[in-house]
1. Residues to consider are V6, V40, V21; find the one that is assigned to a strand (DSSP E or B) and not acidic (D, E).
2. Quick check on V53: is it surrounded by 23 or more Cβ atoms within 10 Å (Cβ to Cβ) and in contact (Cβ under 8 Å) with a residue 60 or more places away in the chain?
3. Among (1) in contact with a Lys or Arg (Cβ under 8 Å, 6 or more places away or on another chain); (2) surrounded by 14 or more Cβ atoms within 10 Å (Cβ to Cβ); (3) not in a helix (DSSP H, G or I), which single condition is G66 missing?
4. Any idea which of T61, T54 is assigned to a loop (DSSP other than H, G, I, E, B) and of a type in the set (V, I, T)?
5. Could you please give the count of residues in segment 69-125 that are touching a residue at least 60 places away in the same chain (Cβ under 8 Å) and assigned to a loop (DSSP other than H, G, I, E, B)?
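What follows draws every value from the coordinates through simple rules; no lab data is involved. A quick note: this is a predicted structure, and the numbers were derived from the prediction, not measured. Please note: Cβ atoms are built from the backbone with ideal geometry, for glycine as well, and neighbour counts cover all protein chains shown.
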Amino acid sequence: MAISVVLGEDNALLRESIARVLALEDDLELLGAGDDYDSVLALVEAARPDVLVTDIRMPPTATDEGIRLAREVRARHPGIGVVVLSQHANPAYAMALLEDGSAGRAYLLKERVGDIDELLHAIREVAAGRSVIDPEIVDLLVVSGRSTGSDLDRLTPREREVLAEMASGKNNAAIARSLVLSEGAVEKHINSIFTKLDLSFEPDTNRRVMAVLRWLSA
């Protein structure tokens, strides 16, 4: 079954370009596109897509419509994934997007849309309940984390690398490939991160998400 998508983008050229990209994929189906907050939210309500792909700034205020849409969609339909596209590398927007949980959320810079595979990967990941954060945003967060005194100071350089990979939405296998480690070594590093950040196991808490949010908040 195809992954259904609703698109929110006020730039007509970019909106058409993304629509054409989606049309070429057998496993993706565009249900509709809107160019402002109200029209996009109405489309989501009517179509109930698997994924919403939205610009972060649209009418009426051209400030944070994408973030507000993500929050509203989570409140009304928690199962719908959201990919937010931003023209600006602002970690604060990523933090706002993920503050209620990272599952089914992606934050990409618009320049990545030129790399079709990046956008398609993000759509498929959030449809599966996973998360993706633009590598440039992760780099900024890494720098921020290094310069901020917190529990993160207790992490080794390798543990920081692992946590940064986690923040970009990668699973253990992908982290292992990226850092040239065994999956067992990655799991040990993650368990050490949980311990150093005082993230004890609780049935209703995703420690992986909490660790990433701790990283983002730093």
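1. Details: V40 fails: assigned to a strand (DSSP E or B); V21 fails: assigned to a strand (DSSP E or B).
Sole residue among the options that is assigned to a strand (DSSP E or B) and not acidic (D, E): V6.
2. Working: surrounded by 23 or more Cβ atoms within 10 Å (Cβ to Cβ): yes; in contact (Cβ under 8 Å) with a residue 60 or more places away in the chain: yes.
Considered against the rule, which asks whether it is surrounded by 23 or more Cβ atoms within 10 Å (Cβ to Cβ) and in contact (Cβ under 8 Å) with a residue 60 or more places away in the chain, V53 comes out as yes.
3. With respect to (1) in contact with a Lys or Arg (Cβ under 8 Å, 6 or more places away or on another chain); (2) surrounded by 14 or more Cβ atoms within 10 Å (Cβ to Cβ); (3) not in a helix (DSSP H, G or I), G66 is out only on (3).
4. Details: T54 fails: assigned to a loop (DSSP other than H, G, I, E, B).
None of the other options fit; the residue is T61.
5. Adding up the residues that qualify gives 4.
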